[in-house]
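This report refers to the structure that appears directly beneath it.
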Amino acid sequence: MNDALHSRIEKLLWRDIAWGETRLRRMIRMPARFIYALARDLGEGQLTLRAMSLVYTTLLSLVPLLAFSFSVLKGFGVHRQIEPLLYEFLQPLGEQGARITDQIISFVENVRGGVLGGIGLVLLLYTVISMIQKVEDTFNYIWQVQKSRSLARRFSDYLSVILIGPVLMVTAMGLLATLSASELMQSFGQFEPFGKLVALVGRIGPFILVVLVFAFVYVLVPNTRVRIGAALVGAVLAGAAWSLGGSLFASVVVGSTRFAAIYSSFAIAVLGLIWLYVSWLVLLLGAQVAFYVQNPRRLRLGRNQLKLSIAQVERLALGIMQQVADGFRRGEHPEFGELAKALDCPARSLEDITTRLEAAGLLVHTESGAFVPGRDPDTITLAEVLLAVRGEDSGGDPTVAGILREVRGAETERLAGRNLADLVARDGHPPDQQ
């Protein structure tokens with residue numbers, strides 16, 4: 001997209017709404033912004049590249065992941081449910097999907113047979129955790145989070161996903177199947193309009209399950225706080241796109257006799273790779289939608305960094321320290337998302353500022369992702385906070401440097417005795433002004 005067309009579209013979508021504009025056009029404007037933002041992100045190529053990277057990662061870790069899930073599910077006595085779950089995912093491949101499912105389950109049975117030993121088990125766990133870490137890095141890119149989880153949090157969070165995720169999915173599938181086959185539902189199905197309602201539940205049940213799985217991934221995987229509402233919006237759109245894409249892909253597979261003739265025995269592998277790529281791309285696009293729902297101001301900017309003035313940087317630095325110190329006094333520890341919401345600024349724009357404050361020892365980013373003061377707020381002066389985000393200045397014209405030193409000296413003298421505690425309300429009352 002050339003710059004002229006890009007500029008024209010932005011003016012059309014983000015110009016001030018004129019008086020007399022119809023309500024319909026106002027309603028169309030917001031979905032059009034989302035469509036434009038997603039098309040722009042796809043055009044940049046990063047989402048497609050990361051989807052292809054995840055396809056490669058999935059090929060390496062799919063069997064170990066299923067083997068680990070198989071072992072976990074076996075402890076609950078529901079390990080046989082993993083095969084229909086896998087078949088449901090590969091259903092758009094038709095008969096080829098059933099063959100791939102049988103082959104993967106055969107590989108899983110071999111891995112489960114205890115032939116790996118201790119070292120093999122460690123490698124299996126490493127492969128599974130590496131895959132989830134790769135997925136987290138991709139979601140952090142979408143959510144514009146620069147810092148990944150610490151090693152301790154990775155182990156605990158990833159292990160929770162590996163242990164709890166399969167159990168929840170299989171339990172949901174079992175409940176859905178039990179509900180559909182229950183005598184009560186069968187009895188209701190004999191009377192209209194309950195019969196149509198039961199049939200509708202049977203059709204939309206798998207879709208609801210897919211939406212819940214997508215929402216679970218969107219909330220848990222990124223190293224930031226994702227609102228459930230935003231995750232559900234992205235999950236619904238991604239689930240609808242995945243279901244529609246599955247139907248279209250299945251029709252293409254059925255009618256593509258030439259495809260099988262060209263690739264012969266490799267057709268099943270090629271089709272599997274294509275569907276895996278489409279699935280990852282849909283999942284990532286849903287995550288991008290969730291990000292924009294939670295951060296609508298980024299619809300126009302995309303990944304472009306907000307250009308902050310020196311005054312804005314100083315204001316945000318003092319605001320960050322104020323929020324952290326206030327939370328510290330109340331026994332609360334804000335994270336990036338909470339700081340961004342309180343200061344009305346994207347989290348990505350705060351990361352450079354928090355990094356400088358951490359380097360100066362004024363702020364600490366804990367293992368859980370929260371922020372606490374680097375030391376007692378009563379001992380952190382406002383002049384220190386401003387100096388930390390300004391950095392050191394050396395060189396240049398001596399006359400200019402001398403003027404700047406005088407200005408900063410006067411500022412330091414004016415702020416003498418003022419510390420971070422002066423910015424924090426105590427007992428619900430604002431601090432006294434000097």
- Message: For the stretch 333-357, which positions are surrounded by fewer than 17 Cβ atoms within 10 Å (Cβ to Cβ) and at pLDDT 85 or above?
- Response: 355
- Qualifying residue in the stretch 368-379 (condition: within 20 Å of residue 309 (Cβ to Cβ) and in contact with a strand residue (DSSP E or B) (Cβ under 8 Å, 6 or more places away or on another chain)): no
- Message: Go through (1) part of a helix (DSSP H, G or I); (2) over 30 Å from residue 103 (Cβ atoms); (3) at pLDDT below 80; (4) not acidic (Asp, Glu) for residue 19 and report which single condition fails.
- Response: (1)
- Message: If residue 330 satisfies all but one of (1) in contact with a Lys or Arg (Cβ under 9 Å, 6 or more places away or on another chain); (2) at pLDDT 80 or above, what's the number of the condition it fails?
- Response: (1)
- Query: Can you tell me how many residues in the stretch 306-331 are part of a helix (DSSP H, G or I) and of a type outside the set (A, V, I, L, M, F, W, C)?
  - Reply: 9
- Does any residue of the stretch 57-65 turn out to be touching a Lys or Arg at 6+ places or on another chain (Cβ under 6 Å), crowded, with 19+ Cβ neighbours inside 10 Å, at pLDDT 65 or above and farther than 16 Å from residue 283 by Cβ? no
- Message: Quick check on my filter: what residues within the stretch 220-236 are crowded, with 22+ Cβ neighbours inside 10 Å and in a helix (DSSP H, G or I)?
- Response: 231, 234, 235
- Can you tell me which residue within the stretch 268-315, out of those that are under 26 Å from residue 90 (Cβ atoms) and of a type outside the set (A, V, I, L, M), is modelled with the lowest pLDDT? 272
- Quick one: in the stretch 358-385, of everything that is out of contact with any Ser or Thr (no Cβ under 8 Å at 6 or more places or on another chain) and in a helix (DSSP H, G or I), which residue is surrounded by the most Cβ atoms within 10 Å (Cβ to Cβ)? 385
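The values are calculated or read from the model by the stated rules, or taken from the named source; none is laboratory data. The shown structure was predicted, so the numbers you read here are calculated from the model rather than taken from an experiment. Counting neighbours? That spans all protein chains shown, and the Cβs are built from the backbone with ideal geometry, glycine included.
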